[in-house]
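J.: Take a look at this one; I'll ask things after.
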Amino acid sequence: MSKAVGFRPKNKLSLTVQYASDAKNLPTRAQFRRWFNAALLGDMSLTLRIVDADEGRELNKTYRGKDYATNVLTFVYTDHPVSGDVVICAPVVAKEAAEQSKELLAHYAHMTVHAALHLQGYDHEDEREAEAMEALETSMMLKLRYENPYQN
């Protein structure tokens, strides 16, 4: 049996979303699922937790030694298939979107794609890695019909 030309099996996503934030205008589970699906390079199983600043700060302090809330944290447990946790801090994402004059949902989409790529082994520790990751993020965001997140 031959495979059809251009046929690519769809990657599988297992996603649990936990809302632990009182923030307004949070994306829906369906939106998060769409954004993660757009960034899948293989099968993935993850839990996404949306938190407020106190929990975001505590997690960042505990796991990274940094005493502030950050926009997104990723925790990878296995590589093949990918499994892990993602924590998005709602107040930080909202503040960044406002400061950068970005639509809030577009910024959530970007943080979701960014986290998905981290889970799949991408990083931005040096300039070459950062350029590769940013190019992939931009491509994925454009496919989702959002603007280039790195455009000023």
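Values quoted throughout were computed directly from the atomic coordinates according to the rules given, and no laboratory measurement underlies them. None of the values given here were measured: they were computed from a predicted structure.
J.: Please give the Cα centre distance for the range 104-152 versus the range 15-88, rounded to the nearest Å.
T.: Using only Cα atoms to place each centre, the spacing works out to 15 Å.
J.: Also, I was wondering about something else. Hull surface divided by four, with the convex hull built on the Cα atoms of the range 8-72: how many nm²?
T.: The number I arrive at for the range 8-72 is 5.1 nm².
J.: Okay, moving on. Among all the lysines, which ones have a C-alpha under 21 Å from Lys61's C-alpha, if same-chain residues fewer than 8 places away are not counted?
T.: Hits, sequence-local ones excluded: Lys95.
J.: Counting alpha carbon pairs within less than 8 Å and at least 6 residues apart, what relative contact order, in whole percent, applies to the chain?
T.: Relative contact order here is 21 percent.
J.: Kirkwood hydrodynamic radius for the chain: how many Å is it when counted over pairs of different Cα atoms?
T.: Working: mean 1/r = 0.0622 Å⁻¹.
Roughly 16.1 Å, rounded to one decimal.
J.: Sticking with this structure for a sec: 222 nm [θ] for the chain, helices only, -39500 (n - 2.57) per DSSP H run of 4+, per residue, to 500?
T.: -13500 deg cm²/dmol
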